[in-house]
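Chemist: Okay, handing you the structure first.
The values are calculated or read from the model by the stated rules, or taken from the named source; none is laboratory data. Fair warning: this is a prediction, and the values are worked out from it, not measured in the lab. FYI the Cβ positions are ideal-geometry reconstructions off the backbone, even for glycines, and counts take in every protein chain you see.
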């Protein structure tokens, strides 16, 4: 008896192929990478902000490399402090140009009246906190301990305190108008202030100044360790507005600085001078070129977008950004690092883009086959 077999074969018509081609053009060529590139763009912005805010350092690449290794120390056997250039520019903004971290000398553990306007806290042997700050001042002829104390006291009241956390992150503190004179003392004296009475042990401030005058020609003023703890607890912590500026959100920084806790008491009144400085930047009235270059770089990163040009057989995605208030900043030290980061982003992401397209093509073929 003969055996008859039946086979069902899908027949693909010209109409089917035209339909598939139309769907392929729309789903793959024209729109296939939209969602993937949008997701990649968020990663790029995060990478670029890290590049501008953390990678670009004040000091040389060699010093920056040491910072990445917490075991590295400077010539004084202290952890290397190398703030990002972003923090130099942001502090310059918040203080109206009164601070400049680039003048900080990492090979020493003291500051002077003519340097940064910032005092860095260091660790001492056996300390678990960075509670030591030093201000060195030359002793002028016939200068008294009281005259030195007045200058040291004023400096510590007006300075920005840069205090590292246990993880090495530097937090910046500004005096809201509090009196810290009770913590100010000449180094190695057991007494604070400028007294000349005989202490129970050691030398009085006046005796210490005289000894420093003859032996060194300069005096070092500091704060009691309890003073740094007081600063951590009671001074204005600038972390939140600094982070807002790092993210390019000057409006948020302005709103934060509007809060009463950021006001600095001066001449009997609470003045929000830091907010005024940020509002000046929002109005694009920044005169300092380095500060403006930094702010422009962050704004361009924040505004970065992807544009798409669709043609008959191809789609081109392009990176685009804008800053209506920015002048050309091609000579900015941030620019080459931003361009390198973008090129690295393309290389690292293109495999994911291709894989995503391949998944979409396979799905389209399966959907088409099941519908034929």
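Chemist: Collect the residues in the stretch 251-275 that are part of a helix (DSSP H, G or I) and surrounded by fewer than 20 Cβ atoms within 10 Å (Cβ to Cβ), keeping them in residue-number order.
Modeler: 251, 252, 255, 260, 261, 273
Chemist: Quick one: residue 204 ticks every box in (1) surrounded by fewer than 16 Cβ atoms within 10 Å (Cβ to Cβ); (2) without any contact (Cβ under 8 Å) to a residue 24 or more places away in the chain; (3) over 29 Å from residue 169 (Cα atoms) bar one, so which box is it?
Modeler: (1)
Chemist: Look through 189, 124 and report the one residue that is out of contact with any strand residue (DSSP E or B) (no Cβ under 6 Å at 6 or more places or on another chain) and farther than 21 Å from residue 87 by Cβ.
Modeler: Selected residue: 189, the only one of 189, 124 that is out of contact with any strand residue (DSSP E or B) (no Cβ under 6 Å at 6 or more places or on another chain) and farther than 21 Å from residue 87 by Cβ.
Chemist: Just checking, does the stretch 144-165 include any residue being under 30 Å from residue 86 (Cβ atoms), modelled with pLDDT under 90, in the same structural domain as residue 122 (by TED's automatic domain parsing) and surrounded by fewer than 21 Cβ atoms within 10 Å (Cβ to Cβ)?
Modeler: yes
Chemist: What are the pairs, 6+ residues apart or on separate chains, where a residue within the stretch 208-233 that is in the same structural domain as residue 166 (by TED's automatic domain parsing) and on the phi > 0 side of the Ramachandran plot has its Cβ under 7 Å from a residue that is at pLDDT below 95 and not in a helix (DSSP H, G or I)?
Modeler: 217/138; 217/139
Chemist: Output yes when any residue across the stretch 148-156 is at negative phi and part of a loop (DSSP other than H, G, I, E, B), and no when none is.
Modeler: no
Chemist: Which of the residues spanning the stretch 85-121 are surrounded by fewer than 16 Cβ atoms within 10 Å (Cβ to Cβ) and either outside any loop (DSSP other than H, G, I, E, B) or in contact with a strand residue (DSSP E or B) (Cβ under 6 Å, 6 or more places away or on another chain) (or both)?
Modeler: Once the filter is applied, which keeps residues that are surrounded by fewer than 16 Cβ atoms within 10 Å (Cβ to Cβ) and either outside any loop (DSSP other than H, G, I, E, B) or in contact with a strand residue (DSSP E or B) (Cβ under 6 Å, 6 or more places away or on another chain) (or both), the stretch 85-121 yields 102, 103.
Chemist: Is there any pair linking a residue in the stretch 276-298 that is in a loop (DSSP other than H, G, I, E, B) to one that is modelled with pLDDT of 90 or more and surrounded by 14 or more Cβ atoms within 10 Å (Cβ to Cβ), with Cβ under 6 Å and at least six apart or on different chains, and which?
Modeler: 286/292
Chemist: Same structure again: Within the stretch 255-272, how many residues are within 18 Å of residue 96 (Cα to Cα), touching a strand residue (DSSP E or B) at 6+ places or on another chain (Cβ under 9 Å) and at pLDDT below 90?
Modeler: Here the count works out to 6.
Chemist: For the stretch 354-369, enumerate the residues that are without any contact (Cβ under 8 Å) to a residue 40 or more places away in the chain and more than 43 Å from the chain's Cα centre (by Cα).
Modeler: 362, 363, 365, 366, 367, listed by residue number.
Chemist: Considering each residue of the stretch 299-310, count those that are touching a strand residue (DSSP E or B) at 6+ places or on another chain (Cβ under 8 Å) and in a loop (DSSP other than H, G, I, E, B), and give that number.
Modeler: Looking only at that region, the number is 1.
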